[in-house]
Amino acid sequence: FRANPSRRPEMRGLCRARLQVLVENCITADGNGYVIGTSDNCSIHNITFRNSFANDTTFGCHIKFKPPQTGRLSNVTFENIQVFQSAWATARRVANGDHHGSGSTVPK
């Protein structure tokens, strides 16, 4: 199973009162990675990401809510996740304001 949220619309919006979700033995590449959150009035509980690989994604593994979003989150596990991130992906994250970094710039 290859899950790439940037290329597979069915993987987007995983935040509609989710309970007991298991994501395992997956590869995600080029997109945001394994991300939970960023939805309003959301309940997310008992989510496990296991035995997977994030290849050059923006975040690798990430839990986020942006103001003014609200929600409840509990029992989220990232287990045995391998993350590879090139300097280009790190710079992309910094350039987009998703991570403040320390003076990094996007490579040309």
- Between L22, I36, A87, whose Cα lies farthest towards the positive end of the dipole of the range 15-98 when Lys and Arg beta carbons carry +1 and Asp and Glu beta carbons carry -1, centred on the Cα centre? I36
- Largest-first principal axis extents of the Cα set of the range 17-99 (Å): 34, 32, 14
- Mind giving me the nanometre distance, one decimal, between the label points for I27 and K66, set 7 Å out from Cα along Cα→Cβ? 3.0
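Each value in this text was obtained by applying a stated rule to the coordinates, not by laboratory testing. Please read all numbers here as calculations on a predicted model, not as lab measurements. Cβ coordinates were reconstructed from backbone atoms using ideal geometry, including for glycine residues, and neighbour counts include every protein chain displayed.
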